[in-house]
Every structure is written in C-alpha cells, then in structure tokens.
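Reviewing the structure listed below.
The values are calculated or read from the model by the stated rules, or taken from the named source; none is laboratory data. Model, not experiment: these values are computed from the prediction. Note that we place each Cβ from the backbone using ideal geometry, even for glycine, and neighbour counts take in every protein chain shown.
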C-alpha cells in the first residue's frame with residue numbers, strides 16, 4: 001500500500017483476516033471509532049475476527065508491505081462503510097482496477113514433497129514447507145512468525161486447536177507441540193528478519 005493511502009472502513013462478515021506486517025508502519029483503526037487507532041511495525045501480527053470493522057492506513061513516512069491471510073477464502077465477503085476513494089457501500093473492485101503482476105512481484109508456490117521454498121521480501125526471509133510432525137520446528141527462531149497455510153493441529157480427542165489462516169509466533173507453535181499433534185500434515189509459512197550479513 002502506498003504511503004498515506006488507506007483501505008475503506010470495512011468488515012468481512014464471514015471470514016477471519018490476518019496480517020503480518022513486513023515493512024513500514026500500519027495505522028489500524030479497529031472498530032468504528034477513530035480514537036481506536038494502533039500502530040503495527042514489521043513482524044507485528046494483526047488478526048481480525050469476522051464482522052469487525054477496520055481500516056488500515058500506511059503511515060505517511062513509507063509504503064506498507066504486509067501478508068494478508070483470509071479464512072475461509074471468500075472474495076466477495078466485504079461490506080464497506082466509509083471510503084476515501086468513492087467506494088462507500090460498494091463491493092470489491094473488478095480486475096480492471098488492479099495492476100497486473102510484474103517481474104519484481106513474488107508469487108508463492110506450494111512446495112514439492114520434502115522441499116522448502118525460500119523467498120526474500122525486503123529484509124524478511126520466508127520459508128514455505130510441509131510438516132508431518134513437530135521435530136523440525138524445534139529449530140525455529142522464537143522471534144520468527146508462522147502462518148498455517150493448510151492443515152490443522154489437534155488435541156488427542158481430535159478437537160481442532162488451530163487451523164488454516166492462523167498467524168502465531170513460532171515460539172507459540174513450539175509450546176503447542178508439547179501438548180498437541182499435527183493432523184496428517186500442515187503447510188507452514190515461516191517469516192523471520194534476515195540476520196545482518198546473511199541471505
């Protein structure tokens with residue numbers, strides 16, 4: 001999102017939406033009151049329940065880069081209330097109002113079996129891989145962030161603990177691994193700040 005620009009004040013009645021801030025500062029209005037604005041900096045997690053009105057603005061200092069996760073994925077699940085760009089009470093724009101992909105854009109791909117896809121977004125390293133158990137999670141940096149892209153973690157009684165679309169600190173996943181198990185396999189995205197001097 002370009003610096004100084006903002007989304008509509010809107011909600012998603014059905015889906016839960018999560019954000020991982022990668023670069024810049026997000027000024028987030030949660031609810032209908034402008035007084036309720038919080039700032040989120042890189043590696044911050046923001047998860048919004050269904051039906052919660054919100055507006056995200058990029059600070060005036062720099063563009064905002066964030067990963068957005070929706071569950072379930074329902075593209076037309078949008079109610080706009082207020083908008084600075086003439087879209088109040090309208091749904092999503094058509095594709096003609098969006099820009100196409102270019103060579104600089106990163107397209108995440110599902111990794112092949114036993115493989116890890118690696119990407120670099122600004123100074124954030126992103127790995128995407130499947131896990132059948134928690135053994136390899138033990139090496140995760142506690143400051144990294146994990147996003148469950150597919151699958152679930154469950155209790156012994158087969159109750160879902162967390163599932164697709166959840167964004168948690170890797171430290172949290174490691175704690176959960178002591179009590180719960182992966183149901184079959186999960187697809188995880190791990191994001192962490194690139195250590196100085198390493199790629």
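Restricting the range 132-151 to residues that are more than 21 Å from residue 19 (Cβ to Cβ) and buried (at least 17 other Cβ atoms within 10 Å of the Cβ) leaves a set whose member that is modelled with the highest pLDDT is 134.
Looking at the range 155-164, is at least one residue at pLDDT below 95, surrounded by 14 or more Cβ atoms within 10 Å (Cβ to Cβ), within 21 Å of the chain's Cα centre (by Cα) and in a loop (DSSP other than H, G, I, E, B)? Yes, that holds for at least one residue. The set of residues from the range 169-191 being surrounded by fewer than 18 Cβ atoms within 10 Å (Cβ to Cβ), within 15 Å of the chain's Cα centre (by Cα) and either closer than 16 Å to residue 43 by Cβ or in the same structural domain as residue 47 (by TED's automatic domain parsing) (or both) comprises just one member, 169.
Among residues that are more than 14 Å from the chain's Cα centre (by Cα) and either farther than 23 Å from residue 192 by Cα or outside the structural domain of residue 122 (by TED's automatic domain parsing) (or both), residue 15 is not included. Within the range 44-70, can you find the residues that are part of a loop (DSSP other than H, G, I, E, B) and either on the phi > 0 side of the Ramachandran plot or touching a strand residue (DSSP E or B) at 6+ places or on another chain (Cβ under 8 Å) (or both)? Within the range 44-70, 44, 49, 50, 51, 52, 53, 59, 62, 63, 64 meet the criteria. For the range 25-40, a tally of residues being at pLDDT 95 or above and either touching a helix residue (DSSP H, G or I) at 6+ places or on another chain (Cβ under 8 Å) or assigned to a loop (DSSP other than H, G, I, E, B) (or both) returns 1.
Residues that are touching a residue at least 24 places away in the same chain (Cβ under 8 Å), outside the structural domain of residue 46 (by TED's automatic domain parsing) and surrounded by fewer than 18 Cβ atoms within 10 Å (Cβ to Cβ) occur in the range 93-109; there is at least one. Scanning the range 98-132 for residues that are closer than 20 Å to residue 194 by Cβ and not in a loop (DSSP other than H, G, I, E, B) returns 116, 117, 118, 119, 120, 121, 124, 125, 126, 127, 128, 129. Of all residues in the range 111-121, those that are in contact (Cβ under 8 Å) with a residue 24 or more places away in the chain and surrounded by fewer than 12 Cβ atoms within 10 Å (Cβ to Cβ) total 1. One residue stands out in the range 71-83 among those that are modelled with pLDDT under 90 and assigned to a loop (DSSP other than H, G, I, E, B): the one that is nearest to residue 7 (Cα to Cα), namely 83.
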